[in-house]
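All remarks here apply to the structure that follows.
Quick note: the coordinates plus some simple rules give every number you see, no bench work behind them. Remember, predicted model here, so these are calculated numbers, not experimental data. Heads up, the Cβs are rebuilt from the backbone with ideal geometry, glycines too, and the neighbour counts pull from every protein chain shown.
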């Protein structure tokens with residue numbers, strides 16, 4: 001099975017920028033050769049409240065869902081969802097000073113970018129089972 005280059009980034013939630021605390025809440029995966037752009041999202045509300053009891057999980061969840069909508073070219077994404085895949089990935093991973101911030105872009109090889117997105121969500125976002 002042929003493996004292709006892919007890029008990925010983690011979306012972090014930074015509820016109080018001045019404290020510098022963050023939690024991973026989503027992964028974005030882009031593979032140009034396989035025409036794939038996908039997001040996997042998991043917002044751990046208990047962990048969010050531990051970082052900032054005043055954080056609004058509804059608003060943060062909507063911001064994460066907006067990123068997923070852009071990846072999926074959902075009608076909810078508006079004009080951003082109509083851009084080509086690479087442009088959408090670059091837009092989503094551009095540095096920003098908001099509560100939801102992208103991490104650095106990393107690369108790898110995969111034959112199945114959707115499975116890779118699931119693997120990265122498990123590895124980088126979901127809590128480790130006790």
_Separation of the residue 1 and residue 74 label points, Cα + 7 Å toward Cβ, nm_ = 2.8 nm
_What percentages make up the Cα-Cα pair-distance distribution of the range 4-124 when the bins are 10 Å wide from 0?_
14, 46, 32, 8, 0
_Could you sort the peptides 61-72, 22-33, 93-104 by per-residue average Cβ neighbour count (10 Å cutoff), highest mean leading?_
22-33, 61-72, 93-104
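Take the Cα radius of gyration of the range 80-130 and divide it by 2.2 N^0.38 Å, with N its residue count; two decimals is plenty.
So the range 80-130 has a normalised radius of gyration of 1.37.
Counting each DSSP H run of 4 or more residues in the chain as -39500 (n - 2.57), what helix-only mean residue ellipticity at 222 nm follows after dividing by all residues, to the nearest 500 deg cm²/dmol? The partial results should precede the final answer.
Values: 4 runs with 44 residues, N = 130.
For the chain, the value works out to -10000 deg cm²/dmol.
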